[in-house]
Structure formats: C-alpha cells, structure tokens
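Just below is one structure, and these are the notes that go with it.
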Amino acid sequence: MNQHRLTLSTALSLSRILLLAPVTYLLTTDVPVHRWWALGILLVAIGTDFFDGMLARRLHQVTDLGKIVDPLADKICVGVMVVVLMVSADIPVWFGLAVLGRDALIAGGALYIQRRKMIVPQSNWPGKISVGLIAAYLLTAVVRVTSLTHVSAVLLWASVVMMAVSLVSYGGRLFIGPKV
C-alpha cells in the first residue's frame, strides 16, 4: 500500500487551504456582509475537516500523507485566520501569539518524532478539542456580533485551557514516547 498517494480525503484537506484566499479577501474589506460570506466559507472548510477524516477511515485510505496534510492544513488555516483577525484587532494579540506558538511547538515536535522514530504521529483528542474551541472562538470574532460577547469570552478561555492541556499531552508524546 502506497502511504504517500493523494486520496479524496487528502484532497479535501488541501481544499481547506485553498478556501483561505476568498476568506482572507472578505475579511480584509470594509463591507460588513463580507464577514457573513467569510463565515459561510469557513463553515464549508470546517465541513471538509470533518469529512476528510471520516472518508479516510470509511474508505480505508488512512495514509502517512494524510496524517501529515490534515493537521498541517488545520495549522495553516488557524494560523492565517489568527493573523488576519489579530491585524483587524478582532482577537487579542496575546491569544494569537499563543495559538501560533503552540502550533509551532507541536509541528516541530511532530517533525522530530517523524524523523527520529520513523513514524507519523497523529492528532490526539486534546489537540482536536483545542482546535475545535479555537475555531469556534475565531468564528465568533469573524461575525463581530455583540450578543455573542459572553460566548466568545468563554470560548477564548476554554481555548486557552485546552491549548495548555494539548501542549502537555503532545509534550508527553515527545519526551515519554508511548503511542504516537
């Protein structure tokens, strides 16, 4: 079985990255309705994230390439969104830097594990929950709805807690080494 072939699920992961271009454009204009269009595109991107994993498992197409591309696409999408929303002052800079720093540490650790142990580590549940909370928080920042202020605050702090939990979890995988 070729672990480096492009599958439908991997193509879906790559499509998330392509969807960043229109989202970035829409978020950098001063047209309020563009934020709602950006939200719609982001929801499609989130859907591809759900379906790529489901398809890979159902079609028995879990590949090493997919194990790399899926989390990389997540990190690129979150990173671009964080930068765009920091620049537009929709999220706190400290939060954006925390997200970018965490993702850089996790990506570096994954590369180390891949090269050192010759295996491709997969995302774990604390990491997936963390990314889900970060995405939910970023979506509230995209729409700028004042009635969501309290929800947004809860998502912000839940994201911070889960980022710490996932970083510790991934750190354990790096330094202790069971089940990567």
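Rule-based calculations on the coordinates, nothing more; no lab input. It should be emphasised that the depicted structure is a prediction, and the values quoted were computed from it without experimental measurement. Neighbour counts run over all protein chains shown; Cβ positions are idealised from the backbone, glycine included.
Ordering Ala110, Gly96, Tyr25 by Cα displacement along the dipole of the chain toward the positive end leaves Ala110 in first place; charges were set at the Cβ atoms of Lys, Arg (+1) and Asp, Glu (-1).
Placing unit charges on each Cβ (+1 for Lys and Arg, -1 for Asp and Glu) gives segment 8-175 a dipole about its Cα centre, and among Phe50, Ile119, Leu85 the Cα reaching farthest toward its positive end belongs to Ile119.
For segment 45-99, the spread of Cα positions along the three principal axes, ordered from largest to smallest, is 43, 20, 12 Å.
Listed from fewest to most Cβ neighbours within 10 Å, the set Val23, Val80 follows the order Val80, Val23. So what's the angle, to the nearest 10 degrees on a 0 to 90 scale, between helix 8-18 and the longest Cα principal axis of the chain? Once rounded, one gets 40 degrees.
As a proxy for reagent exposure, Tyr170, Tyr112 were ordered by neighbouring Cβ count within 10 angstrom, fewest first; the result is Tyr112, Tyr170. Under a model in which nothing but the beta-carbon of Lys, Arg (+1) and Asp, Glu (-1) is charged, the chain shows a dipole of about 620 debye around its Cα centre.
What do you get for Rg/Rh over segment 8-175 if you use C-alpha atoms and the Kirkwood form of Rh? Can you show the working numbers first?
Working: Rg = 16.0 Å, Rh = 16.5 Å.
Using only Cα positions, Rg/Rh for segment 8-175 is 0.97.
Quick check on the exposure proxy: order Val78, Val83 from fewest to most C-beta atoms within 10 angstrom.
On the way: Val78 20, Val83 15.
Starting with the residue having the fewest Cβ neighbours, the order is Val83, Val78.
When only Cα pairs under 8 Å and 6 or more residues apart are kept, what is the percent relative contact order across the chain? Walk me through the intermediate numbers first.
Details: 173 pairs, mean separation 42.2, N = 180.
Relative contact order for the chain comes out at 23 percent.
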